[in-house]
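Peer 1: Below are the structure tokens for one structure; questions will follow.
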Amino acid sequence: MLKKLIYMTKSIDFYFDIISPYSYLAHQKIKVIKKEKNIIFNYKPILVAGLHNLQGITAPAFIKSKLKHMVSDCNLIANKDNLDFTWNSKFPLNSLNIMRGYLFVNVDIKDCYLDKIFDAYWKDNLDITNEKILITLIAKCKIDPETFLDGVKNKNIKNELINITKEAYDKEIFGTPTFTVNDKIFWGQDRIKFALDEYSK
């Protein structure tokens, strides 16, 4: 009975940042998997820029050759997997308040929030840091703008994002998206199958 309980409560941790195009592609795949299988994905929002700073990494966005490869690679993946995707013309943006927002909103609307923001940035080519655009997006999830804008400034929310990012660093995670299951790390949207294999053990 105990073994069954442990199995039923096991989950795959998904470390992500909305600023990451690969996180968006992984999120689209996760949504399909969740419809087909009874698998729990525990979404762990981090600030990837903060993680890079902790790791001493220069982000690909600031290396011309890597950025060029990222654009073509993401388009290649999206086309192969038949996913709606448009490289955002304002990449990279500061996702700080967006990621704090995910932590702030109620559990029952986190999925709505994430879908609207992800799609706006990586499908509709919108500047999600523009307050007017952001307010329009969160209104679709029935989130009060004033409460939201105050909430992302809350000290506890700020600290929670810092702590989850530090948690990722302590686990030797260095980028997004990253999946962890059974204390094993799987980095990249193309490693989701390996994470699922580990989950099934």
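Peer 1: Out of ASP124, ASP115, report the one residue that is acidic (Asp, Glu) and more than 14 Å from the chain's Cα centre (by Cα). Even if it seems obvious, please write down each step before you answer.
Peer 2: Details: ASP115 fails: more than 14 Å from the chain's Cα centre (by Cα).
ASP124 is the lone residue from the list that is acidic (Asp, Glu) and more than 14 Å from the chain's Cα centre (by Cα).
Peer 1: Write out, first by first residue and then by second, each pair whose Cβ atoms fall under 7 Å of each other, whose residues are 6+ apart or on separate chains, and whose first residue, in the range 128-141, is touching a residue at least 24 places away in the same chain (Cβ under 8 Å) while the second is open to solvent by 60 Å² or more (accessible area, probe 1.4 Å).
Peer 2: Correct list of pairs: THR129/ASN94; LYS140/LYS116; CYS141/LYS116.
Peer 1: Return only the number of the condition from (1) of a type outside the set (Ser, Thr, Tyr); (2) assigned to a helix (DSSP H, G or I); (3) farther than 12 Å from TYR15 by Cβ that ALA195 does not satisfy.
Peer 2: (3) is the only condition that ALA195 fails.
Peer 1: Still on this structure, please answer the following. So CYS112 ticks every box in (1) part of a strand (DSSP E or B); (2) open to solvent by less than 70 Å² (accessible area, probe 1.4 Å); (3) not acidic (Asp, Glu) but one. Which box is left unticked?
Peer 2: Answer for CYS112: the failing condition is (1).
So that you can scan it fast, the table gives a plain yes or no per residue for (1) within 15 Å of TYR22 (Cα to Cα); (2) of a type in the set (Gly, Ala, Ser); (3) at pLDDT 95 or above:
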| position | (1), (2), (3) |
| --- | --- |
| ILE77 | yes, no, yes |
| PRO92 | yes, no, no |
| ASP124 | no, no, yes |
| ASP144 | no, no, yes |
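Peer 1: Considering only the range 166-190, state which residues are more than 9 Å from TYR15 (Cα to Cα) and touching a helix residue (DSSP H, G or I) at 6+ places or on another chain (Cβ under 6 Å).
Peer 2: Matches in the range 166-190: TYR169, PHE174, VAL181, ASN182, LYS184, PHE186, GLN189.
Peer 1: Quick check on this structure: which one of GLY50, GLY101 is surrounded by 12 or more Cβ atoms within 10 Å (Cβ to Cβ), more than 13 Å from the chain's Cα centre (by Cα) and in contact (Cβ under 8 Å) with a residue 12 or more places away in the chain? Break it down into steps so the answer makes sense when it comes.
Peer 2: Numbers: GLY101 fails: more than 13 Å from the chain's Cα centre (by Cα).
Testing whether each residue is surrounded by 12 or more Cβ atoms within 10 Å (Cβ to Cβ), more than 13 Å from the chain's Cα centre (by Cα) and in contact (Cβ under 8 Å) with a residue 12 or more places away in the chain leaves just GLY50.
The rows are residues; the columns are (1) β-branched (Val, Ile, Thr); (2) more than 27 Å from HIS52 (Cα to Cα).
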| residue | (1), (2) |
| --- | --- |
| ASN97 | no, no |
| ILE117 | yes, no |
| TRP122 | no, no |
| ASP127 | no, no |
| CYS141 | no, yes |
| PRO145 | no, yes |
| ASN159 | no, no |
| ILE162 | yes, no |
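Peer 1: Just to check your reading of the model, which residue among PHE118, PHE194, PHE91 is out of contact with any Phe, Trp or Tyr (no Cβ under 7 Å at 6 or more places or on another chain), within 30 Å of LYS80 (Cβ to Cβ) and not small (Gly, Ala, Ser)?
Peer 2: Selected residue: PHE91, the only one of PHE118, PHE194, PHE91 that is out of contact with any Phe, Trp or Tyr (no Cβ under 7 Å at 6 or more places or on another chain), within 30 Å of LYS80 (Cβ to Cβ) and not small (Gly, Ala, Ser).
Peer 1: Hey, another quick one. Could you look through the range 1-34, keep only residues that are of a type in the set (Lys, Arg) and modelled with pLDDT of 90 or more, and pick out the one that is farthest from ALA78 (Cα to Cα)?
Peer 2: Checked the range 1-34; the qualifying residue farthest from ALA78 (Cα to Cα) is LYS34.
Peer 1: Pick from TYR113, TYR102: which is within 12 Å of ILE138 (Cα to Cα), at pLDDT 95 or above, in contact with a Pro (Cβ under 7 Å, 6 or more places away or on another chain) and of a type in the set (Ser, Thr, Tyr)?
Peer 2: Just a single option satisfies the conditions, and that option is TYR102.
The values are calculated or read from the model by the stated rules, or taken from the named source; none is laboratory data. What you are looking at is a predicted structure, and each value in this text was computed from that prediction instead of being measured. For neighbour counting, all protein chains shown are included, and Cβ atoms are generated from backbone atoms with ideal geometry for every residue, glycine included. Note: accessible area is taken over every heavy atom of the protein model, side chains too, but ligands, DNA and RNA are not part of it. Shrake-Rupley method; radii C 1.70, N 1.55, O 1.52, S 1.80 Å.
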